[in-house]
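Inspection log for the structure reproduced underneath, given as structure tokens.
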């Protein structure tokens, strides 16, 4: 029994230390005005991002916010919401892809100012049509299908607007999975500059 209690106590200590490390890291990131998106784009993430943006804007509406992205995408609505909030706050926004930027994460990435959308050299980008696995009566499926088409058009419209591409070109490209390397994303005008060191971002801060 004593051994079991000791193991449980040690396990609880480890959990407490992990929580403390997490809180310390969150505090340091907030103080450095950095947001990290390294998970699926969803409603809980959006809420977290909104809260941090409000705090950072309250601290200073002139100092830039850096958003680091490595995400497979997710909810289109949450992606549009984060995009709008990043544009809503008065702070300048820098976006940096470090790994994967796919689907809804591309919309988040494009919230950065046009000359402040950076990528590390080995990052990849993916644009494609939204999809769903909806089930239900035929009439409801038709409504869902129409909504998907509207989301697709909204998605493509933002990409066209932010890259200067023709909407027909973006629509054709995103009809199927359209993968881009960092260099290809630069040529597509998704990325403003491929960087290899923090100094290259600091020049914009």
Per the 1/(1 + (r/R0)^6) rule, R0 = 22 Å and r from the Cβ atoms of residue 160 and residue 90, FRET efficiency to 0.05 is 0.30
Here, residue 153 and residue 58, labelled 7 Å along Cα→Cβ, have an inter-label distance in nm of 4.0 nm
Rounded to the nearest 0.05, FRET efficiency between residue 42 and residue 179 (Cβ-Cβ, R0 22 Å) equals 0.45
Semi-axes a, b, c in Å (a largest) for the range 55-205, each sqrt of 5 times a Cα gyration tensor eigenvalue, come to 29, 18, 13
Residue 168 and residue 27 label points (each 7 Å along its Cα→Cβ direction) are spaced in nm at 5.8 nm
Here Rg/Rh (Cα, Kirkwood) for the range 46-135 equals 1.00
In nanometres, the difference between 0.36 nm per residue of separation and the alpha-carbon distance of residue 203 and residue 146 is 16.1 nm
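Every read-out reported here was derived from the displayed coordinates using simple, explicitly stated rules and does not represent laboratory data. This structure is a prediction, so every number in the text was calculated from the model and none was measured. Don't worry about glycine lacking a Cβ; one is built from the backbone with ideal geometry, like all the others, and counts go over all protein chains shown.
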